[in-house]
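This report concerns only the one structure given below.
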Amino acid sequence: MEKHGILPIDKAGRVVIPAEIRKEYALGAGSTLQVHKTKRGILLQPIQSKPKLENKSGFLIVTSKEKAPIDSDPILDNLREGRIHEITHSD
């Protein structure tokens, strides 16, 4: 496991994660971490957010806090099937 210096804890029990690590894991304000107690110490693990489909100026955009590419096909397929069902079953 790679070390990244010594992190002080403030009076409220907070630590600041170094910017290079926050950038690497796409962490920012509002990101959440899972805390694990291990035999070797404390492990902070980012919780992956789910991508969302948002309407922006009439366009459907897949958004996520993740920096990795998202497979939007299942999201769009599900949306498309729902819309086809609405059109074909509207009486």
Residue hits (the range 36-52; of a type outside the set (K, R) and under 19 Å from K3 (Cβ atoms)) are H36, T38, G41, I42, L43, L44, Q45, P46
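Is it the case that R22 is open to solvent by 60 Å² or more (accessible area, probe 1.4 Å) and assigned to a helix (DSSP H, G or I)?
The answer is yes for R22.
The values are calculated or read from the model by the stated rules, or taken from the named source; none is laboratory data. Because the structure is predicted, anything quoted here is derived from the model rather than measured. Reconstructed Cβ throughout: ideal geometry from the backbone, glycine too, with neighbour counts over all protein chains shown. What goes into the accessible areas is simple: the full protein's heavy atoms, side chains included, and nothing from ligands, DNA or RNA. Shrake-Rupley method; radii C 1.70, N 1.55, O 1.52, S 1.80 Å.
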